[in-house]
Amino acid sequence: MSESKEAVAETPVNVKMETQGVNVFYGDNHAIRNVDLDIADRSVTALIGPSGCGKSTYLRALNRMNDTIDSCRFEGRILLDGEDIYGRGVDPVEVRRRVGMVFQKSNPFPKSIFDNVAFGLRIGGEKDKDVIAERVEESLKGAALWDEVKDRLQSSALGLSGGQQQRLCIARCLAVWPEVILMDEPASALDPIATAKIEELIRELREQYTIVIVTHSMQQAARVSDSTAFFYMGELIEHGKTDMMFTRPTKKRTEEYISGRFG
Amino acid sequence: MRHTKKDWLLAGLTGISLAVILLLLAVLLGQIVWHGAPVISAEFLTEKPGADMISGGIWPAIYGTVFMTLLMTLAGVPVGIATAIFLSEYASPRSRIAKLVRIAVNNLAGVPSIVFGLFGLGFFIIFVGGSMDALFYDDPRPVWGKPSILWASLTLAVLTLPVVIVTTEEALRTVPRELRDASLALGATRFQTVYKIVLPNAKGGILTGVILAVSRGAGEVAPIIFCGAANFLPYLPTDLRDMFMHLGYHVYALATQSPNVDAARPTLFGTVLVLLVLTFSLNLLAVIIRARSRAALRP
């Protein structure tokens, strides 16, 4: 890193994930074109851009969720702590334990609240009931849901409200100690109050986790993120500190999108 | 809303169709219960048939039917469920093997049941059984290469296979992709996802399909004519190589092979009633399980 760049950053930034020359194809559709992007440790990176710009596809490349789609092909390297997660001999299951994901539509299992959060621990081989119970409580507290559900841990997760369900999904994700959390428009189906709760949670989680969030709301990106990446037609147009991006973007496209001229 | 004349006509026609079907069903079931019920007694249900096939009971046929149905279920259902899991969870929709298996399943479902009987005779009895005899036994008399409850059950297992595969696959497909994604994103392997998330959520649908397939197999007669059902055998099968009596086949035998067809009629109706009660209770079980699994999915 050069001297001048260090001087620009307020604090020295550690890179958690490094994307190098990433291309993603769906069949013949070239969805992501040659993206290079560094994701800083313990910070919130927002991915913005118009619908179909590839931001969700890029997000799903970060924990190899695209592997589950048949026609999807990947090129390039994504380094997690310097190690290529697409390297030979790397188990995608292992990658997904380190890089968790919260989806657009909350998707709790039709099980009890407790079993939802304990799921990741149990499939990871944890058998000790006390350890599981302790971790479930920590995770629910971490997702700011504990006080609302502590008296009904055994009731069905499907009985929770939409916002609670999404926080449950975050708790479920926290339970397996991920290092990075990917969020794909986590609040897009929620009302303003539930959205505010999720955003507050994201700001808290940033102390301990690296977060990458896809959002269609620029206000949300401005509120929660430290840096913002603007995608357009599968390309990364611009990436920078959020306050800079929203006040003085360097690229014309970014400025046009942010000022609402298209998208 | 105002009804026009055409509306009334259509409503009338569909109503008449419904009435015809209900009437047919009522007459059919009424006949069976009316003539069959007086014959039913503890003795009828627990005794062996007499030499004239009319007197005595039908216990060996009940026992044979249940035994055969169990064997058929054990042999066919696991294979069918495994195939459906392969098709729905592992095979890529474009893969050649998956396409071939689907074509095979669809064709299998359209084959007349008597053809399954011939298949059982040719493949299981003559080919598999005959080969086993040639390989392991010096005796010119067949040991495995003859009709038996084993081959009849396996033949019926093949017959029920398409139903099990299709209904199981449908049940697996009703599990939302979001649940699979959630599980995979938590670091579950594909197998863990199938075992812990997909199967438990599809359980009700799978069970319903399996029971309906089994109840269909239990009542089939044509496939087992050549494969192991006996006309008259007042002993219970104790070995997989034994032949056996079967309720459906017993009905056929009473109606066509009995020395005195008129005198056999009450026994005939009684046997039909018992067979119907057995398959109806399986269907009822399926309905109950389906209702309960639907209720379980609600919060």
Item to complete: Please compute the net charge surrounding A:Gly27, taking Lys and Arg as +1 and Asp and Glu as -1 over other residues with Cβ under 11 Å from its Cβ.
Response: 0
Worksheet item: If you keep only loop residues by DSSP, which trypsin sites (Lys or Arg not before Pro) in the stretch B:1-107 have at most 10 other Cβ atoms within 10 Å of their Cβ?
Response: B:Arg2, B:Arg94
Worksheet item: Can you run phi through the Karplus equation (6.51, -1.76, 1.60; θ = phi - 60°) for the stretch A:238-251 and list ³J(HN,Hα) in whole Hz, with x for Gly and Pro?
Response: 7, 9, x, 4, 4, 5, 5, 4, 8, 9, 9, x, 8, 9
Item to complete: For the A and B pair, go ahead and give the buried accessible area with a 1.4 Å probe, both sides summed, in Å² to 100.
Response: 2000 Å²
Discussion item. Over the stretch B:41-297, with the other protein chains present, what is the accessible area per residue in square angstrom, probe 1.4 angstrom?
Written reply: 48 Å²
Worksheet entry | Relative packing of peptides B:126-133, B:82-89 - highest average C-beta neighbours within 10 Å first | B:82-89, B:126-133
Worksheet item: Taking amide hydrogens as modeled 1.01 Å from N in the peptide plane, which residues meet the under 5 Å criterion relative to A:Ser112, leaving out close sequence neighbours?
Response: A:Ala157
Worksheet entry | Where only C-alpha atoms are counted, convex hull volume of the stretch B:41-297 per residue in Å³ | 152 Å³
Response to the item:
Candidate cut points under chymotrypsin sites (Phe, Trp or Tyr not before Pro) in the stretch A:189-263, DSSP loop plus at most 15 other Cβ atoms within 10 Å of their own Cβ, are A:Phe262
Worksheet item: If you look at just the Cα atoms of the protein assembly as shown, how large are its Rg and its Dmax in Å?
Response: 32.6, 109
Discussion item. Just to be sure I understand the curve: with the Debye formula and one point per C-alpha of the stretch A:14-258, what is log10 I(q)/I(0) at q = 0.10, 0.16 Å⁻¹?
Written reply: -0.47, -1.17
Worksheet item: Amide H to amide H, which residues 5 or more places from A:Val102 or on other chains are under 5 Å from it, using H placed in the peptide plane?
Response: A:Leu182, A:Met183, A:Asp184
Worksheet entry | Whole-Hz couplings from phi, Karplus 6.51/-1.76/1.60, listed for the stretch A:178-195; x for Gly and Pro | x, 9, 10, 10, 9, 10, 9, 6, x, 10, 5, 9, 10, 6, x, 5, 5, 5
Worksheet item: Roughly how many whole Å is it from the C-alpha centroid of the stretch A:82-128 to that of the stretch B:95-152?
Response: 45 Å
Response to the item:
Once both label points are put 7 Å beyond Cα along the C-beta direction, the B:Glu47-B:Ile21 separation in nm becomes 4.2 nm
Worksheet, complete the sentence: Checking B:Ala188, B:Ala11, B:Ala255 against a Gaussian network model of chain B (alpha-carbon springs below 10 Å), the top fluctuating residue turns out to be B:Ala11
Worksheet item: For q = 0.12, 0.13, 0.19 Å⁻¹, what log10 I(q)/I(0) does the stretch B:1-145 give under the Debye formula with an equal point scatterer on each alpha carbon and no solvent?
Response: -1.00, -1.06, -1.17
Practice prompt. On the protein heavy atoms, probe 1.4 angstrom, tell me the percent of accessible surface of chain B carried by carbon and sulfur.
Written response: 70 percent
Fill in: Rel. contact order, % - alpha carbon contacts under 8 angstrom, at least six apart, chain B
27 percent
Worksheet, complete the sentence: Toy charge model, Lys and Arg Cβ at +1, Asp and Glu Cβ at -1: the protein assembly as shown dipole around Cα centroid in debye, rounded to 20, equals 1380 debye
Discussion item. On a 1.4 Å probe surface of the protein chains, which of B:His35, B:His246, A:His216, A:His30 comes out largest in accessible area, and what is the full order?
Written reply: A:His216, B:His35, A:His30, B:His246
Worksheet entry | Options B:Gly56, B:Pro176, B:Leu100, ranked by Cα towards positive dipole end of the protein assembly as shown, top entry (Cβ charges) | B:Gly56
Worksheet item: Restricting the count to DSSP beta bridges whose residues both fall in the stretch A:14-258, what percent are antiparallel, rounded to a multiple of 5?
Response: 60 percent
Worksheet item: Which net charge results for the neighbourhood of A:Arg223, defined as the other residues with beta-carbon distances under 11 angstrom from its beta-carbon, given Lys and Arg at +1 and Asp and Glu at -1?
Response: -1
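The values are calculated or read from the model by the stated rules, or taken from the named source; none is laboratory data. Fair warning: this is a prediction, and the values are worked out from it, not measured in the lab. In this analysis, Cβ positions are derived from the backbone assuming ideal geometry, glycine residues included, and neighbour counts consider all displayed protein chains. With ligands, DNA and RNA removed, areas are computed over all heavy atoms of the protein, side chains included. Shrake-Rupley method; radii C 1.70, N 1.55, O 1.52, S 1.80 Å.
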